[in-house]
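Heads up, the thing below is written out as structure tokens.
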Amino acid sequence: MASAEQLKALIKSHLEGDDQRFFSVAMQVAAHEAKLGHGKLAEELRALIDEAKRRRGAGQPVPISRPRGELANLLAVSYPKLRLGEMILDDKLAQQIQRVIREQRHAARILEHGLSPRRKLLLVGPPGTGKTMTASVLAGELGIPLFQIRLDGLITKYLGETAAKLRQVFEATDHTRGVYFFDEFDAIGSQRGLANDVGELRRVLNSFLQMIEQDRSHSLIVAATNHAEILDRALFRRFDDVLHYDLPDELQISVLLKTRLSRFVDKDVSWDRLAKEAVGLNYAEVSRAADEVLKAALIDGRKWLNDADIRLMLVERQNVAQKLKENI
Ligand SMILES: Nc1ncnc2c1ncn2[C@@H]1O[C@H](COP(=O)(O)OP(=O)(O)OP(=O)(O)O)[C@@H](O)[C@H]1O
Ligand SMILES: [Mg+2]
């Protein structure tokens, strides 16, 4: 049996994504078992280690990497499994995202020919339309981690500190391949000339412009904003592509409702007619309404939903959305 120290070392190295250490401790455990005369177990352990090394060489499974030290306050890591097929997109947007994924999958061949695959993306559009979801899908499709940059950790009131932190993030893009997602990017990306702009913010934006331009990593850098109009024009040309998101139209709403709820209706429901009730809501609000209908049915102990249940929740969501708008 492996010693307590060995077990701890195995778990620690796994959590830290330190593959070399993990394999070396695992080999020690196998050697230890062999010495104790447990030849069969030792053999099995070695075979497992070889198999894991071989698979890792092929790029799978994804190595677990956790930002450490100061980076831990700046980056939140996750390993999304989301796929592109789970998003409802118009043709143009679907093609743009597919193109990024395809170029990334064939990155080696593209780089060999002195070209670079698309990897710096700006996502623009109203709330709840799939920007964050896109960052997850890119990570999921490419099998790489998603690092969300925490703006609260990044932007500090101390001069120079924010830029230094930003530099750390860009050093990480080089060190660990992933999707680096700058959400609410307008917080650092506002126009340099705005009257209320403080000097520090301008400096931060300038360093961001420089760093994104100089970034030669193999990571994806994805920035999202609801307010394209306040973004500095100089930013746009630093990105390889700009993706525009919009509220769903009737057809897209009907697809979303069907995807979420069709399993729970017994009779035919007129999805197209229901979708008309939801025009103006974003994808997140329609999904939310769908969840609410399901919850209500669960609580009532009902197995099947009907047209009226769904309509009621959509109308309620419209009212909530309206109230929120009025309060802004
Ligand atoms: N295009 C889409 N297709 C399917 N579901 C979607 C789509 N867009 C959003 N959703 C649903 O809405 C949820 C919220 O979307 P998401 O967080 O991606 O919005 P966002 O554009 O990042 O909004 P915000 O600007 O507020 O950050 C998703 O988790 C998903 O359930
Ligand atoms: Mg978002």
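The values are calculated or read from the model by the stated rules, or taken from the named source; none is laboratory data. This is a predicted model, so every value here is computed, not measured. Because the Cβ atoms are built from the backbone with ideal geometry, glycine has one as well, and the counts that use them run over all protein chains shown.
Please work out which residue is surrounded by the most Cβ atoms within 10 Å (Cβ to Cβ), limiting yourself to the stretch 260-274 and to residues that are farther than 14 Å from Val293 by Cα and modelled with pLDDT of 90 or more.
The extreme case among them is Trp271.
Assess whether Leu142 counts as being surrounded by 13 or more Cβ atoms within 10 Å (Cβ to Cβ), in contact (Cβ under 8 Å) with a residue 40 or more places away in the chain and away from ligand 1 (no atom under 16 Å from the Cβ).
Criteria met by Leu142.
Return yes or no: is Leu123 more than 10 Å from ligand 1 (Cβ to nearest atom) and either within 23 Å of Val286 (Cβ to Cβ) or out of contact with any Lys or Arg (no Cβ under 9 Å at 6 or more places or on another chain) (or both)?
no
I'd like the full set of residues that are closer than 30 Å to Arg83 by Cβ and touching a Leu at 6+ places or on another chain (Cβ under 8 Å), limited to the stretch 147-177.
Those that are closer than 30 Å to Arg83 by Cβ and touching a Leu at 6+ places or on another chain (Cβ under 8 Å): Phe147, Gln148, Ile149, Arg150, Gly153, Leu154, Val169, Ala172.
Would a scan of the stretch 72-87 turn up a residue that is within 16 Å of ligand 2 (Cβ to nearest atom), of a type in the set (A, V, I, L, M) and more than 20 Å from Ala187 (Cα to Cα)?
Yes.
Out of the residues in the stretch 134-167 meeting the condition of being among the charged types (D, E, K, R) and not in a loop (DSSP other than H, G, I, E, B), tell me which one is nearest to ligand 2 (Cβ to nearest atom).
Residue satisfying both the conditions and the ranking: Asp152.
Each row is one residue, and each column tells you yes or no for (1) in a helix (DSSP H, G or I); (2) touching a residue at least 40 places away in the same chain (Cβ under 8 Å); (3) under 20 Å from Leu89 (Cα atoms).
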{"site": "Lys258", "(1), (2), (3)": "yes, no, yes"}
{"site": "Ser262", "(1), (2), (3)": "yes, no, yes"}
{"site": "Asp268", "(1), (2), (3)": "no, no, no"}
{"site": "Leu274", "(1), (2), (3)": "yes, yes, yes"}
{"site": "Glu285", "(1), (2), (3)": "yes, yes, yes"}
{"site": "Val293", "(1), (2), (3)": "yes, no, no"}
{"site": "Glu316", "(1), (2), (3)": "yes, no, no"}
{"site": "Ala321", "(1), (2), (3)": "yes, yes, no"}
{"site": "Glu326", "(1), (2), (3)": "yes, no, no"}
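Rundown of residues vs (1) surrounded by fewer than 18 Cβ atoms within 10 Å (Cβ to Cβ); (2) in the same structural domain as Val286 (by TED's automatic domain parsing), yes/no style:
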{"residue": "Val204", "(1), (2)": "no, no"}
{"residue": "Ser219", "(1), (2)": "no, no"}
{"residue": "His227", "(1), (2)": "yes, no"}
{"residue": "Ile230", "(1), (2)": "yes, no"}
{"residue": "Leu235", "(1), (2)": "no, no"}
{"residue": "Arg238", "(1), (2)": "no, no"}
{"residue": "Leu257", "(1), (2)": "no, yes"}
